[in-house]
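What follows is one structure encoded as structure tokens, with my remarks underneath.
The values are calculated or read from the model by the stated rules, or taken from the named source; none is laboratory data. All values reported here derive from a predicted model rather than from experimental measurement. With ideal geometry, Cβ positions are generated from the backbone for all residues, glycine too; neighbour counts draw on all protein chains shown. We work out accessible area using only protein heavy atoms, side chains counted, and drop any ligands, DNA or RNA first. Shrake-Rupley method; radii C 1.70, N 1.55, O 1.52, S 1.80 Å.
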Amino acid sequence: MKKFILFVFLLPLLFSCEQEKPQPPNIVFIMSDDHAFQAVSAYGHNLNKTPNIDRIAKEGALFNKGFVTNSICAPSRAVMLTGKHSFVNGKVDNIQDFDWDQPNFAKNLQAAGYQTAMVGKIHLRGLPQGFDYSAVLPGQGHYYNPDFIINGVKERIQGYVTSITTRLSLDWLKDKRDKTKPFLLLYHQKAPHRNWQSEEKYLSLFDDKTFDFPNNFFDNYEGRPAAAAQEMLIAATEEQIAAAHGNGGHGRWGHDFKFIVDPYGRETRFNKELKRFTPEQREAWLKAYTPKNDALKAAKLEGKELALWKFNRYLKDYLRTIQSVDDGVGEVLDYLEQNGLTENTIVVYTSDQGFYLGEHGWFDKRFMYEESLRTPLLIKYPKEIKPGTKIDQMIQNLDFAPTFLDYAGVDIPDEIQGESFRKIVSQETSEWRDAIYYTYYEYPSVHMVKRHNGVRTDRYKLMHFYYDIDVWELYDLKKDPAEMNNIYNDPAYAEIKQMMHKRYEEMRKKYGDSDELDKQFIDSYVNR
Ligand code: SGN
Ligand code: CA
């Protein structure tokens, strides 16, 4: 009896000890493909409404300076997984193989007892390592009726890729994981990647709107020869389209603007793309696009008017695909809420790089200029992050791996080059790096963006374009946020130039980059 009384007496103590043991947080890491920060309404650009993505910032934090280290898809994902720069993890461009055998943070979390899943676009060939469950798109994947490789087995799934990615993620959360363990879910959408095919229900969204050009749409690229040499114009002339390398290049009537027969009577390859659709999907598409395309043909627009039309077709299609992404984010946040998981789950929303929405006349990314260097970055974790927090420190995708390991209470391997931003976002400290380093390699290739690297501080950016060119660019981001004025040779900036060169050398040394490595990556690319 005495023993029993003692037991009853000690019972609450036992429970309180149990409760005090911190439970590692769950992590839902949402990444979209090519989602520009300009197209997340929380950033205030007024193009579209993303109420569900915005919920993350409202309940947590919004980063104004989230950057990548290499603005292209597969390399960005390799950096995210490994916490190491491209020239260290080896995946410098979309073409080379990624070595899945190297360490990644999902492997670390898995070893620490996490349930791990990767769903959607990863763009790294081979079976993803570090995941108990994977359902990934082969390569770029398709918008309609996509193939998925589910735990190594290919399967075609009928429907729209964004909704399927959400459904597979929710299925895993609901009944494919061990619910006694913490989880890591990489929920990675293909949208809004080119060629911006929207879900049937959003095909007419924004029809009643006309978007204005960004101020620098008709950029003349003066003082910026690499910018002049790109092939990623929204509104290229027929001559420019014809002269582009390969068939990726500038915006095209079929692939990009969705004409089966272009305004000059030429059949495009778009009809071929529609072959993947079911008859119902095809009908919905033709019903939406045919009258709009016929109207453009009848209007016989030219010059600036035609450019405005192309810009609007591009931007509307792009924004339409984001609507489905936002819907999916809402479904996942609702699931967490309805299952009591909100408090102990970290939710991150970001993109593999930024994107041009007409700035400099462009779509695509790759350049170190702001719109593609910068991504949307939003995070919530009610236990540590105050609602409505705004962060101005310069974060890079290099920092995801160490940050997640830090939250999970797992040791951060020394070889990781990024830093945990946990204390930055909880505002426990404000001490942080004051410069970031950038590299880009994929040239010559689609869009013809030349090899370059550079350093960005809070106010200045120094870039070096090399290989078949040797050009330096310097920008004062405070005076020239649109990066129209290369001040590299401006005597008024001589001291700044010197200081930035010093920072550039320091960064290359710090991360282990060098002229030898640049040369090695040229050789392996040219001789591949
Ligand atoms: C495809 C696109 C390009 C895009 C690359 C890389 N062309 O090649 O416009 O730059 O992917 O994108 S498309 O004709 O296939 O649409 S990335 O995000 O995967 O790096
Ligand atoms: Ca991408």
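A few comments on the model shown:
Okay, residues lined up against (1) polar (S, T, N, Q); (2) touching a strand residue (DSSP E or B) at 6+ places or on another chain (Cβ under 6 Å); (3) buried (at least 18 other Cβ atoms within 10 Å of the Cβ):
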{"residue": "390", "(1), (2), (3)": "no, yes, no"}
{"residue": "422", "(1), (2), (3)": "no, no, yes"}
{"residue": "431", "(1), (2), (3)": "no, no, no"}
{"residue": "443", "(1), (2), (3)": "no, no, yes"}
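- Those residues of region 434-452 which are assigned to a loop (DSSP other than H, G, I, E, B) and either away from ligand 2 (no atom under 16 Å from the Cβ) or without any contact (Cβ under 8 Å) to a residue 12 or more places away in the chain (or both), in sequence order: 434, 443, 444, 448, 450, 451
- Residues within region 69-113 that are open to solvent by less than 10 Å² (accessible area, probe 1.4 Å), touching a residue at least 40 places away in the same chain (Cβ under 8 Å), away from ligand 1 (no atom under 11 Å from the Cβ) and assigned to a loop (DSSP other than H, G, I, E, B), tallied: 5
- Filter pass, residue 315 being aliphatic (A, V, I, L, M), under 16 Å from residue 198 (Cα atoms), surrounded by 13 or more Cβ atoms within 10 Å (Cβ to Cβ) and within 16 Å of ligand 1 (Cβ to nearest atom): yes
- Of all residues making up region 339-374, the number that are hydrophobic (A, V, I, L, M, F, W, C), part of a loop (DSSP other than H, G, I, E, B) and away from ligand 1 (no atom under 11 Å from the Cβ): 4
- Of everything in region 258-287 that is hydrophobic (A, V, I, L, M, F, W, C) and open to solvent by 50 Å² or more (accessible area, probe 1.4 Å), the residue that is farthest from residue 203 (Cα to Cα) is 261.
- Residues considered: 431, 516, 495, 505. Of these, the only one that is assigned to a loop (DSSP other than H, G, I, E, B) and modelled with pLDDT of 95 or more is 431.
- Residue pairs whose Cβ atoms lie under 7 Å apart, separated by 6 or more positions or on different chains, with the first residue in region 184-209 and on the phi > 0 side of the Ramachandran plot and the second open to solvent by 10 Å² or more (accessible area, probe 1.4 Å) and not in a loop (DSSP other than H, G, I, E, B), are 206/316.
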